[in-house]
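See below for the structure under consideration.
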Amino acid sequence: MQNKKWKKFGTLTGKCYLNMAGAEKDGSCWEQAFELLKEIIREERQKNPEFALTMEEIDDATDYSYDIESWMEDCLDEIEMRENHKLLLQMCEDLLNLFDWPDYTGSDLKFRKSIALRQLGQNKESAKYCKEWIQNEPENMVAATAGVYAYTEVGEFDAAEELIDRFIFDLSKCSEENDIMFTAAARFYEATGNQEKQKQADQALEEYDEYLGKYFGMDELDMDEWDMDLLDDELPFN
């Protein structure tokens with residue numbers, strides 16, 4: 001028999017989307033639903049230790065009744081948008097501990113965690129976290145990008161530049177494979193006063209944006225107003 005708390009979870013997630021649309025004023029529903037989800041999963045695992053060991057398995061385990069993966073992404077986006085960095089950090093840590101994350105599947109959470117640490121003024125902690133992440137996943141560009149931001153903030157410029165050079169071989173060629181690193185590189189070159197390389201990185205990013213605009217049939221104004229969530233499937237945060 002399915003845990004009866006799932007129905008309450010469904011009600012709460014419904015309130016979350018009403019809150020997102022402005023029809024529900026109480027924004028606490030996001031945190032309430034998140035905490036309830038953790039509670040349910042732990043109870044389910046007491047009955048079946050193999051219950052939804054990865055995030056990818058949770059919707060299958062619930063017959064896709066709640067679209068939990070999509071809701072979770074919306075939840076994290078909402079908390080980040082509200083700049084509640086302390087809560088976002090806790091949510092990321094909870095999820096990283098609650099599920100198994102094979103290969104690079106936890107990159108989005110780890111990236112968010114590194115940002116939340118910096119936003120909370122914990123720059124050294126963010127750099128240390130990124131260093132350990134990069135050591136475990138040296139070929140993960142998302143980890144390296146997080147490292148560039150973190151190392152730049154603490155003045156470890158040589159370490160940041162080494163990561164940039166590892167993934168960018170030509171500052172004139174930005175693509176969907178390395179655009180996140182180009183953005184980090186532009187920030188690094190700005191911070192270190194390298195105007196020539198900053199200009200090259202910015203130019204490559206602009207050209208890539210123009211390419212995307214043409215690819216999706218949008219002009220420059222459309223691209224400025226475009227909801228970049230449409231590109232989620234193209235980004236490496238999965």
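If you go through the range 42-58 and keep only what is open to solvent by less than 60 Å² (accessible area, probe 1.4 Å) and touching a residue at least 12 places away in the same chain (Cβ under 8 Å), you end up with E43, E44, A52, L53, T54, M55, I58. The set of residues in the range 78-98 being surrounded by 14 or more Cβ atoms within 10 Å (Cβ to Cβ), under 14 Å from L109 (Cβ atoms) and free of Cβ contacts under 8 Å to residues at least 12 places away in the same chain consists of Q90 alone.
Inside the range 46-104, can you point out the residues that are aliphatic (A, V, I, L, M) and under 17 Å from L36 (Cβ atoms)? Within the range 46-104, A52, M55, I58, A61, I68, M72, L76, I79, L87, M91, L95, L98 qualify.
Out of curiosity, is E125 part of a helix (DSSP H, G or I), without any contact (Cβ under 8 Å) to a residue 12 or more places away in the chain and in contact with a Leu (Cβ under 6 Å, 6 or more places away or on another chain)? When the stated conditions are applied, E125 passes them.
The number of residues in the range 113-130 that are under 20 Å from N178 (Cβ atoms) and either open to solvent by 10 Å² or more (accessible area, probe 1.4 Å) or touching a His at 6+ places or on another chain (Cβ under 6 Å) (or both) comes to 1.
Restricting the search to helices (runs of 4 or more DSSP H) fully inside the range 131-195 and requiring at least 2 residues that are surrounded by fewer than 16 Cβ atoms within 10 Å (Cβ to Cβ) and either at pLDDT below 95 or small (G, A, S) (or both) gives an empty result. Just one of (1) polar (S, T, N, Q); (2) part of a helix (DSSP H, G or I); (3) open to solvent by 20 Å² or more (accessible area, probe 1.4 Å) fails for T105. It is (2).
Looking only at residues in the range 1-41 that are part of a loop (DSSP other than H, G, I, E, B) and closer than 19 Å to A52 by Cα, the one that is least open to solvent (accessible area, probe 1.4 Å) is N3.
The values are calculated or read from the model by the stated rules, or taken from the named source; none is laboratory data. Note that the coordinates shown come from a computational prediction; the quantities given were computed from them, not determined experimentally. Here Cβ is always computed from backbone atoms with ideal geometry, including for glycine, and neighbour counts include all displayed protein chains. To get the accessible areas, we keep the full protein, side chains included, count just its heavy atoms, and leave off ligands, DNA and RNA. Shrake-Rupley method; radii C 1.70, N 1.55, O 1.52, S 1.80 Å.
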